[in-house]
Amino acid sequence: MAQMSEADFKKHIESGHLSGLYVLYGEEKYLVRRNAKKLIRKACADDPFPAFNFQRFDGAAPVDDIAAAVEALPFMSERKCVAVTDLTPDSLRAADNAKWQELAENVPETTVLVVYLPSAVLGKKSTKWNAFLKTAAKHGITVEFSRREGAELEKWLCGEAAKRRCDLSRREARKMLELCGSDMQTLHNEVEKLCAFLGEGIITPELIENMVARQTEATVYMLSRALVAGEYNRAYSLLDQMFYQNEEAPTILAVLSSAFVDMYRVRTAMQSGAPVSSLAAAFPGEYKGREFRLRNAERDVKRLSTEQLRGILSLLLKTDLALKSSKTSEQVLLEELIAQIMVLTAKGSRN
């Protein structure tokens, strides 16, 4: 086995002749997630009992538990699949690293073990990570997904629009890159939003200008979704990304507050029996031409109770006051806010 290119990996999955071990990683997390899903679907495609033969673990889970799942025989099937997300060897004890090395060398023929990094970022100078990669490449298949740039991203965006019966020119695709940056998950969300709004037809410059979220806004809305979904590593990663890009803390907080205000408005509308769409008429200055915010809020609010929403809004207000009066670092205040929201969203039932 060996390190495999993205093109060869695509052909490999289509062939259906799967290996026992895969490690998918790289800077472009969208491609890591998308390809891991494809691989897992292929591994489970002919399984009559997927509920018994597919197990998912976080990389922080005890390696003995993961090893037991990998070594267990499949239930009335030729193979089973075990997926492990965000394995970070640098954070493991030496004994656990040794167990991972042994596991990578001895994945049974009846198991497909998929290790992928949808959130974690590992430095190329990480000795433990490089050692694990070397072992994985020797006994399985490793694939690195690098960031896309420029013309390649423009072409991809045009293709994503075409899949949804919309026409996006290379010039307008370039405009989207200027507004949103090069993160493929963000761009995917934006082109999906444009096509959902348009239905089909030509994506015009005016539509992009009025509807596409600027980079900070898009990133902050991704942050709110990560918090609601309990993806805390991703939440901190997104916050670090924005500070690295020198985004202003008050701006980040303002957009984050808007996301949760949207959810609260949607919740109150639902509880009163009013259609969510009525909020667009009630707040035309905020939602006219941006009704997608309400659709996103309607989707995300299902994960939170009304009590949790009120608690989050209270935390946002306290942080806003602290930003204006406290001598504490702005980054520290937002990091504390994320931690407090984590605790709050982990409590209580959803209604």
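The values are calculated or read from the model by the stated rules, or taken from the named source; none is laboratory data. Because the structure is predicted, anything quoted here is derived from the model rather than measured. So basically every Cβ, Gly included, is an ideal-geometry build from the backbone, and we count neighbours across all protein chains shown.
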Considering only the range 299-351, state which residues are among the hydrophobic types (A, V, I, L, M, F, W, C), crowded, with 17+ Cβ neighbours inside 10 Å and within 15 Å of residue 227 (Cβ to Cβ). 301, 304, 309, 312, 315, 316, 334, 337, 338, 341, 344
Tell me the residue from 291, 298 that is within 24 Å of the chain's Cα centre (by Cα) and at pLDDT below 90, please. 291
Consider residue 333 carefully, then state whether it is out of contact with any Asp or Glu (no Cβ under 7 Å at 6 or more places or on another chain) and either assigned by TED's automatic domain parsing to the domain that holds residue 222 or not in a helix (DSSP H, G or I) (or both). yes
Filter the range 26-66 for residues that are surrounded by 18 or more Cβ atoms within 10 Å (Cβ to Cβ), among the small types (Gly, Ala, Ser) and part of a helix (DSSP H, G or I) and give the result. 36, 43
Identity of the residue in the range 189-234, surrounded by fewer than 16 Cβ atoms within 10 Å (Cβ to Cβ), at pLDDT 90 or above and not charged (D, E, K, R), that ends up nearest to residue 294 (Cα to Cα): 196
Restricting attention to the range 238-260, and to residues there that are modelled with pLDDT of 90 or more and not hydrophobic (A, V, I, L, M, F, W, C), which single residue is farthest from residue 333 (Cα to Cα)? 258
State whether the residues of the range 261-274 include one that is small (Gly, Ala, Ser), modelled with pLDDT of 95 or more and either in a loop (DSSP other than H, G, I, E, B) or crowded, with 17+ Cβ neighbours inside 10 Å (or both). no
So, first residue closer than 19 Å to residue 116 by Cβ in the range 44-62, second residue basic (Lys, Arg), Cβ within less than 8 Å, six or more apart or across chains; the pairs are 53/79; 53/80; 54/80; 55/80
Has the range 143-156 got at least one residue that is within 21 Å of residue 37 (Cα to Cα) and more than 21 Å from the chain's Cα centre (by Cα)? no
Per the filter on the range 187-239, residues assigned to a helix (DSSP H, G or I), of a type in the set (Asp, Glu) and within 27 Å of residue 308 (Cβ to Cβ) are 217
Note on residue 244: of the conditions (1) farther than 26 Å from residue 345 by Cα; (2) aromatic (Phe, Trp, Tyr); (3) in contact with a helix residue (DSSP H, G or I) (Cβ under 8 Å, 6 or more places away or on another chain), unmet is (3)
Hey, does the range 163-186 have a residue that's part of a loop (DSSP other than H, G, I, E, B), modelled with pLDDT under 90 and within 24 Å of residue 287 (Cβ to Cβ)? no
When you go through (1) in a loop (DSSP other than H, G, I, E, B); (2) more than 20 Å from the chain's Cα centre (by Cα) one by one for residue 118, which number turns out not to apply? (2)
Being within 23 Å of residue 125 (Cβ to Cβ), in contact with a helix residue (DSSP H, G or I) (Cβ under 8 Å, 6 or more places away or on another chain), touching a residue at least 12 places away in the same chain (Cβ under 8 Å) and of a type in the set (Gly, Ala, Ser): is that true of residue 16 here? no
Which residue pairs have Cβ atoms closer than 7 Å, lie 6 or more positions apart in sequence or on different chains, and pair a first residue in the range 200-217 that is farther than 17 Å from residue 186 by Cα and of a type outside the set (Asp, Glu) with a second residue that is modelled with pLDDT under 90 and assigned to a helix (DSSP H, G or I)? 205/175
Of the criteria (1) modelled with pLDDT of 95 or more; (2) in contact with a Ser or Thr (Cβ under 7 Å, 6 or more places away or on another chain); (3) not basic (Lys, Arg), which one residue 149 fails: (1)
